[in-house]
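So the structure is just underneath, and the comments pick up after that.
The values are calculated or read from the model by the stated rules, or taken from the named source; none is laboratory data. The structure displayed is predicted, hence computed values, not measured ones. Every residue, glycine as well, gets a Cβ built from its backbone with ideal geometry; the counts of neighbours run over all protein chains shown. These accessible areas exclude ligands, DNA and RNA; they are computed on the full protein's heavy atoms, side chains included. Shrake-Rupley method; radii C 1.70, N 1.55, O 1.52, S 1.80 Å.
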Amino acid sequence: MTKNYSLFLTAAALAVLTACSTPPNNVPVEDRSVPLPVAPPKAAPVEEPKDKEGYYTVRKGDTLIRIAFDRGLNYRELAAWNNLANPDDIKVDQVLRLSPPEGVQTVAVPTPPAIEKLPPPPRKSTPKGEKRPYSESAVAEMQKPEGEKAEKPAVVASAAPAPAPAPAMSAEDREVTWIWPSDGRVVAQFDEGKNKGIDIAGRAGQQVLAASAGKVMYAGSGIRGYGNLVIVKHSNSLLSAYAHNRAILVKEGQDVRRGQAIAEMGDSDTDAVKLHFEIRQQGKPVDPSKFLPNR
């Protein structure tokens, strides 16, 4: 009897322990895992607003003088067309008109003074053609005997593409006669991507001459990278620029004749004494060597 009772107690104890160690099926299990971060959606690329024809949207770093210079315009006229009392007061995203409002006339460039009728120095009336290096096929063709030169050499596929043509020259543009703006060695040639004109070395104080007759459109230091700058307009589409001067000898609105001293060479906003000279046609930089006479 005692033995059976002991077995009964042992079995009961085992049943209680088994029940305590097994969790009930209906008890919820807490999820302690850390959720993975969700990456935010990528923002759509912001497209730079496109300017409507005849208008320009001001961007960071712009100045009215620079906007006008890059388009061959007079910055004072540009200010008047946009009712700007202060030419320096333009704001990012402001839309500027690049032509006069209807009914407003642009001031024409004056006819060159009588001195322009003097016999001009040798000049190029139209831009020169592009010089290209000889290709291997062309050299081989020239080395053939005379009787074997009937066939044309094959076109070289790897030839560099021709640069974009300059705007067409008007009759007025062809009347503009040019001289070199200063004596000195050309130390940097025109490169549309890197140098928008030519650089002429010289000494401090050396005379800078108007390369052709016209009207001073700008005289100052308001365009970064040009230092003391003079801009002369010669026709409705042609202007010339003279940068890095030590001193400016003319004023805005002044008529100048070809060969007149307009500045003194210097090193303003550059690392050496030199003249940076540009010719722009309809605001587009063009190679001055295609307009200046040989020397």
* To do: Look through Asp173, Asp191, Asp199 and report the one residue that is charged (D, E, K, R), in contact with a strand residue (DSSP E or B) (Cβ under 6 Å, 6 or more places away or on another chain) and modelled with pLDDT under 95.
  => Asp173
* Asked: When you scan the range 249-277, how many residues do you find that are open to solvent by less than 10 Å² (accessible area, probe 1.4 Å) and within 22 Å of the chain's Cα centre (by Cα)?
  -> 2
* Within the set of pairs 6+ apart or on separate chains, which have a first residue in the range 94-107 that is of a type outside the set (Val, Ile, Thr), a second that is at pLDDT below 80, and C-beta atoms under 8 Å apart? -> Pro100/Thr106
* **Matching residues in the range 75-126 - criterion: being of a type in the set (Gly, Ala, Ser), at pLDDT below 85 and part of a loop (DSSP other than H, G, I, E, B)** => Gly103, Ala108, Ser125
* Structure fact -> Looking across the range 283-295 at residues that are open to solvent by less than 40 Å² (accessible area, probe 1.4 Å) and in a strand (DSSP E or B), the single one that is farthest from Ile248 (Cα to Cα) is Val286
* Asked: Limited to the range 221-236, what total is found for residues that are at pLDDT 95 or above, open to solvent by less than 30 Å² (accessible area, probe 1.4 Å) and touching a Leu at 6+ places or on another chain (Cβ under 8 Å)?
  -> 2
* Which pairs have Cβ atoms under 6 Å, sit 6 or more apart or on different chains, and link a residue in the range 264-281 that is farther than 20 Å from Trp180 by Cα and among the hydroxyl-bearing types (Ser, Thr, Tyr) to one that is open to solvent by less than 40 Å² (accessible area, probe 1.4 Å) and assigned to a loop (DSSP other than H, G, I, E, B)? -> Ser268/Gly227
* Structure fact -> With the first residue restricted to the range 66-86 and required to be closer than 15 Å to Gly283 by Cα, and the second required to be of a type in the set (Ser, Thr, Tyr), Cβ contacts under 6 Å at 6 or more apart or on different chains are Ala68/Tyr75
* Asked: If you check Asp183 against the conditions, is it open to solvent by 30 Å² or more (accessible area, probe 1.4 Å), under 18 Å from the mean Cα position of the chain (by Cα) and not basic (Lys, Arg)?
  -> no
* Asked: Quick one: what pairs do we get from the range 237-260, first residue modelled with pLDDT under 95, second assigned to a strand (DSSP E or B), C-beta under 6 Å, 6+ apart or different chains?
  -> Ser237/Gln281
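Okay, residues lined up against (1) within 23 Å of Leu73 (Cβ to Cβ); (2) out of contact with any Cys (no Cβ under 9 Å at 6 or more places or on another chain); (3) open to solvent by 70 Å² or more (accessible area, probe 1.4 Å); (4) assigned to a loop (DSSP other than H, G, I, E, B):
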{"position": "Ala168", "(1), (2), (3), (4)": "yes, yes, yes, yes"}
{"position": "Asp173", "(1), (2), (3), (4)": "yes, yes, no, no"}
{"position": "Trp178", "(1), (2), (3), (4)": "yes, yes, no, yes"}
{"position": "Gly205", "(1), (2), (3), (4)": "no, yes, no, yes"}
{"position": "Lys215", "(1), (2), (3), (4)": "yes, yes, no, no"}
* Asked: Quick one: Arg246 ticks every box in (1) open to solvent by less than 30 Å² (accessible area, probe 1.4 Å); (2) of a type outside the set (A, V, I, L, M); (3) part of a strand (DSSP E or B) bar one, so which box is it?
  -> (1)
* Read through the list (1) modelled with pLDDT of 60 or more; (2) open to solvent by less than 40 Å² (accessible area, probe 1.4 Å); (3) acidic (Asp, Glu); (4) more than 19 Å from Leu73 (Cα to Cα), then give the number of the only condition that Glu141 fails. => (1)
* Condition check for Arg280: open to solvent by 10 Å² or more (accessible area, probe 1.4 Å) and modelled with pLDDT of 95 or more -> no
